[in-house]
Amino acid sequence: MIDVSGRAIPIVQAPMAGGVSTPALVQAVTSAGGLGFLAGGYLRADALREQIRAVRQATDQPFGVNLFVPEPPRREVDLRPYCERLRPVAERYGVTIPEPDWQDDDFFAEKVEMLLAERVPVVSFTFGIPDAGVIEAFRAAGSTVIVTVTTADEARNAVTAGADALCVQGPEAGGHRSTHRMTDEPGRAPLVELLRRIRPGVPVIAAGGMATPDAIAAALAAGASAVQLGTAFVRSDESGAKQAHKDALADPGRPDTVVTRAFTGRPARAIRTSFVEQFDGATPAVHPQVHQLTAPIRAAAAAAGDPEGLALWAGTGHRTARTGPAAEIVAELWTQAERLR
Ligand SMILES: Cc1cc2nc3c(=O)[nH]c(=O)nc-3n(C[C@H](O)[C@H](O)[C@H](O)COP(=O)(O)O)c2cc1C
């Protein structure tokens with residue numbers, strides 16, 4: 001089992017699903033002394049295995065893999081009124097809205113089986129806590145197990161279930177909030193306050209809005225062993241983010257981010273766009289079915305290079321995200337953060 005806080009540089013590159021976390025990004029951050037994460041969400045086991053093998057070919061350093069924990073489907077929710085609202089937007093993009101797939105559990109079991117066989121150094125879970133048996137199996141396979149939490153209750157439950165470390169995610173974070181029930185409204189207490197409140201007795205990785213050396217130093221001073229940064233790497237050379245996403249982070253005309261269910265049915269922080277304006281507050285808390293329903297719209301927007309229909313995940317610090325090699329971003333942030341400690 002590896003000590004996640006024992007890396008030369010306590011900066012973790014967040015798993016970023018949807019193609020942002022590439023093997024090249026993981027390798028770059030890991031070789032710079034941090035800890036890189038592959039994102040398993042929305043991928044089949046085979047595709048994720050290929051990425052793991054690509055990382056292993058490039059480096060012998062430890063790295064992590066993240067999975068989304070599925071919840072029982074909320075079949076009781078009638079999605080037809082929501083589909084009716086989506087329809088004009090889909091027509092504008094020339095796509096059709098699919099039928100919801102209620103069997104979709106993000107291929108969780110097949111990915112768990114594959115990761116156990118691959119014996120990856122670190123595994124993290126988002127959106128919930130896997131069964132104690134799954135955690136135990138990973139620990140027996142030599143993997144360090146991290147669970148992402150957003151409240152003190154979730155933290156307690158994760159430690160009781162056997163997590164080796166927690167990723168404590170604050171409301172500043174870009175992308176999905178890791179609330180353990182999709183119907184929960186995410187908390188608003190700032191990350192530093194959460195870090196003071198959550199003393200789990202296992203190492204804590206702090207996540208959310210950290211884009212400057214000051215924010216990193218503050219999280220470490222508040223008790224975190226390491227910090228997890230997502231948005232700071234979205235514009236990096238090795239990031240697989242779409243160009244429209246990278247550009248939007250730096251666009252002075254897009255200063256606001258908002259936590260919205262509009263794209264996937266789960267709360268996530270994104271740059272405000274016309275799609276967010278139209279569907280924020282009007283989207284049922286049904287994940288991943290809402291993700292399935294909006295996917296063709298997002299794909300068409302991506303193909304057209306149109307940011308208005310894209311899920312532009314971004315944390316509150318997005319305006320400082322910069323371009324360049326990820327290793328340089330790690331080194332620059334850490335050199336300055338260390339001086340502030
Ligand atoms: C583009 C993007 C995709 C993300 N995808 C995931 C994911 O697949 N799994 C996960 O646990 N967290 C994901 N997150 C959230 C990060 O783990 C982390 O909590 C967040 O990036 C921290 O806030 P920051 O973006 O302000 O640094 C994502 C964040 C971003 C920006």
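Restricting the calculation to alpha carbons of the chain gives Rg and Dmax of 18.8, 55 angstrom. Report note on the peptides 177-190, 158-171, 225-238: ranked by the mean count of other C-beta atoms within 10 Å, highest first, their order is 225-238, 158-171, 177-190. How would you classify the range 6-161 from its alpha-carbon gyration tensor, with a ≥ b ≥ c the square roots of the eigenvalues: rounded for a/c under 1.5, else prolate if a/b is greater than b/c, otherwise oblate? Prolate. Taking amide hydrogens as placed 1.01 Å from N in the peptide plane, the amide H of residue 64 sits under 5 Å from those of 36, 37, 38, each at least 5 positions away in sequence or on another chain. Full extension of the segment from residue 110 to residue 91, taken as 0.36 nm per residue of separation minus the current Cα-Cα distance, would add 3.3 nm.
For the range 188-341, just say rounded, prolate or oblate: build the C-alpha gyration tensor, square-root its eigenvalues into a ≥ b ≥ c, call rounded for a/c under 1.5, and beyond that prolate if a/b exceeds b/c, oblate if not. Oblate, because a/c is 1.5 or more while a/b does not exceed b/c. Which shape class, rounded, prolate or oblate, goes with the range 170-246 when its Cα gyration tensor gives a ≥ b ≥ c as root eigenvalues, a/c under 1.5 marks rounded, and past that a/b bigger than b/c marks prolate? Cα axes put the range 170-246 in the oblate bin.
The calculated 222 nm mean residue ellipticity attributable to helices in the chain amounts to -11000 deg cm²/dmol, summing -39500 (n - 2.57) over DSSP H runs of n ≥ 4 and dividing by all residues. Report, in whole Å, the centroid distance computed from the Cα atoms of the range 54-132 and the range 181-198. Cα centroid to Cα centroid, the span is 23 Å.
Coordinate-derived values only; no laboratory data. Small disclaimer: the values here were computed from a predicted structure and weren't measured. In this analysis, Cβ positions are derived from the backbone assuming ideal geometry, glycine residues included, and neighbour counts consider all displayed protein chains.
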